[in-house]
Amino acid sequence: NIINRANAKYAQSAIILPDTSSGSVKPGDERTILATLTLKTINPKIKVYTHILDRDNISHLRKAKADEVFVSDMYTGYLMANYVSSPGVPQFIQHLFSSASDYNLKRKPIPADLIGKSYKQLKEHYNQNGRGILLGLLQITEPFQLSSLMSDDYSTLDAYIMRKFQEAGRGSKSDEQVKILINPDEDAALNNNDFYLVIESK
């Protein structure tokens, strides 16, 4: 009822946070998994972003078709190690993502007149027109229909391949893929599905 009241059937995306309301000593991810399954059943097109407490539940969320899974304390080890090996790096990260910071990490679309051109030309464009630090590219690969790769007569082998994808929790469509390229080669081509990443003032 709560999910229906949130109009999930027509939503583009949903964020699911861990349930800590039970007051138990160790809150679990069971309700997160159930909510993900429910959302994807009501609205197969919805993008579901989940925050879980236990890394062992990542596979369950993948099978439930969560689009992205964030695990608590995912970066704690990295930050703690860098306090020792690279002082200043953790502080920089904390400052950048602090609500009090004057700067934001931003994703911006490639200008239409630069589509098909090189990353070097994007750098030149940003140096002339931007007000920040250009970091690199974000590439999004559109989902594809697995059925489009099958033969026209849809053989027994095709059916077997489709079934194996479904058993793996992938269905007939691939998941949207996001690739980050920090400081890519200058001759890298810019595509319609690309964005550029910058650090800019708020």
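List of remarks:
- Some residue of the stretch 22-33 being touching a strand residue (DSSP E or B) at 6+ places or on another chain (Cβ under 9 Å), within 21 Å of Asn7 (Cβ to Cβ) and buried (at least 17 other Cβ atoms within 10 Å of the Cβ): yes
- Counted residues, the stretch 95-112 - those being open to solvent by 90 Å² or more (accessible area, probe 1.4 Å) and touching a helix residue (DSSP H, G or I) at 6+ places or on another chain (Cβ under 9 Å): 1
- Cβ separations smaller than 9 Å between residues 6+ apart or across chains give the following pairs from the stretch 118-131 residues that are under 16 Å from Leu181 (Cβ atoms) to residues that are of a type in the set (Phe, Trp, Tyr) and open to solvent by less than 90 Å² (accessible area, probe 1.4 Å): Tyr119/Tyr196; Leu122/Tyr196; Tyr126/Tyr196.
- Among residues that are open to solvent by 40 Å² or more (accessible area, probe 1.4 Å), modelled with pLDDT of 90 or more and in a loop (DSSP other than H, G, I, E, B), Gly77 is not included.
- Residue count for the stretch 34-56, restricted to those that are open to solvent by less than 60 Å² (accessible area, probe 1.4 Å) and within 14 Å of Ala66 (Cα to Cα): 13
- Identity of the residue in the stretch 57-74, touching a residue at least 24 places away in the same chain (Cβ under 8 Å), assigned to a helix (DSSP H, G or I) and touching a strand residue (DSSP E or B) at 6+ places or on another chain (Cβ under 8 Å), that ends up least open to solvent (accessible area, probe 1.4 Å): Leu61
The values are calculated or read from the model by the stated rules, or taken from the named source; none is laboratory data. Note that the structure is predicted; figures quoted are calculated from it, not measured. Ideal geometry is used to build each Cβ from the backbone, glycine not excepted, and the neighbour counts take in all protein chains shown. Protein only, heavy atoms only, side chains kept; ligands, DNA and RNA dropped before computing areas. Shrake-Rupley method; radii C 1.70, N 1.55, O 1.52, S 1.80 Å.
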